[in-house]
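Have a look at this one.
Values in this text are rule-based calculations from the coordinates and carry no lab data. The structure presented is a predicted model; accordingly, all values stated were derived computationally and were not measured. So basically every Cβ, Gly included, is an ideal-geometry build from the backbone, and we count neighbours across all protein chains shown.
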Amino acid sequence: MVPRLKNSREDYEMNTETNTLSTAPYGIFAMRVALGVMFVAHGLILKYFTFTLGGTAQFFESLGLPGFLAYVVFAAETLGGLALIAGFQTRLVSFAMVPILIGAAQVHIGNGWVFSAQGGGWEYPVYLTVAAIAQGLMGAGAFAVSKREISLPLLSNKALA
């Protein structure tokens with residue numbers, strides 16, 4: 001029998017897998033907080049302080065949407081963002097934000113790809129949609145206040161664990 005050498009390829013592969021498994025919750029936590037901060041900033045800074053809720057309602061109406069939806073979106077972004085930062089029902093909140101993000105992408109789709117285009121492009125809302133779906137699939141990660149997530153109808157928590 002040949003003795004195993006220290007730092008062999010097998011040891012490296014095993015350590016890489018172990019490190020990935022042990023650090024994944026922290027990466028998920030970082031993504032969750034970044035996504036939550038983005039939603040809070042978008043709700044509070046953009047809709048409340050920059051455009052005001054009345055101005056946001058007028059913008060929604062100019063798109064043919066009911067003005068009251070501006071208040072719903074503001075509340076969803078702000079409260080959803082805070083919930084994500086805290087790690088409260090991360091999967092539920094992440095998936096609940098997807099329709100709002102799809103709506104944002106639809107609003108910007110005619111402006112082209114780049115978000116710096118006049119009126120803002122669609123790549124950032126689409127990226128955030130994918131990020132919210134990924135966060136919903138991954139769960140909360142480390143440092144979450146909810147240790148148990150609400151069971152989602154289409155995805156069992158066991159399959160996502």
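Based on alpha-carbon centroids, what's the gap between region 73-93 and region 103-158 in Å, whole number please?
Going from one Cα centre to the other spans 12 Å.
Taking region 63-161, which trypsin sites (Lys or Arg not before Pro) meet the DSSP loop condition and have no more than 10 other C-beta atoms within 10 Å?
In loop regions of region 63-161 (DSSP not H, G, I, E or B), the sparsely surrounded trypsin sites (Lys or Arg not before Pro) are Lys147, Arg148.
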